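Following: one structure in structure tokens, then a few remarks.
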Amino acid sequence: MKMLRAGIVGLGLAARAHVKGYETHPQAAVLAVCDLDGERATRFAAEHQIPLVYTRYDEMLANPEIDIVDIATPTHLHAAMTKQAALAGKHV
């Protein structure tokens, strides 16, 4: 089975729990993080050895190496972001 590569958007409390789940799965890895706060995204990526950092969701979605989008933003943003991810051919 191939390695599934995730991009996490929204780096608040939920993202910390989500990244732990990926770290324990042998066939999953977090390839990218995305947050409007670029400094927070850079710190989070460094802390978890995540290679790619984005501040724009549309740019992360355009990366063909990302298979999964993990939406960890405030709940009221989930529907629109899920639709964008699905239209980009990503699992959510």
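The values are calculated or read from the model by the stated rules, or taken from the named source; none is laboratory data. Predicted, not measured: the structure shown is a model, and the values here were computed from it. All Cβ positions, even for glycine, are placed from backbone atoms using ideal geometry, and neighbour counts span all protein chains on display. The protein model used for the area step is the full one, side chains on, heavy atoms only, and it has no ligands, DNA or RNA in it. Shrake-Rupley method; radii C 1.70, N 1.55, O 1.52, S 1.80 Å.
The number of residues in the stretch 42-92 being of a type in the set (S, T, N, Q), part of a helix (DSSP H, G or I) and farther than 12 Å from V9 by Cβ comes to 2. Within the stretch 3-15, the residues that satisfy the criterion of being of a type in the set (G, A, S) and either surrounded by 15 or more Cβ atoms within 10 Å (Cβ to Cβ) or without any contact (Cβ under 8 Å) to a residue 24 or more places away in the chain (or both) are A6, G7, G10, A14, A15.
In the set L87, L61, L36, only one residue is of a type outside the set (D, E, K, R) and within 10 Å of the chain's Cα centre (by Cα); that residue is L61. Scanning the stretch 16-31 for residues that are more than 13 Å from A72 (Cα to Cα) and in a helix (DSSP H, G or I), we see that the one that is most open to solvent (accessible area, probe 1.4 Å) is K20. Among the residues of the stretch 33-81, those identified as more than 14 Å from R5 (Cα to Cα), of a type in the set (D, E) and surrounded by fewer than 13 Cβ atoms within 10 Å (Cβ to Cβ) are D37, E39, E47, D58, E59. Of all the criteria given as (1) among the aliphatic types (A, V, I, L, M); (2) touching a residue at least 60 places away in the same chain (Cβ under 8 Å); (3) touching a helix residue (DSSP H, G or I) at 6+ places or on another chain (Cβ under 8 Å), the one not satisfied by V53 is (2).
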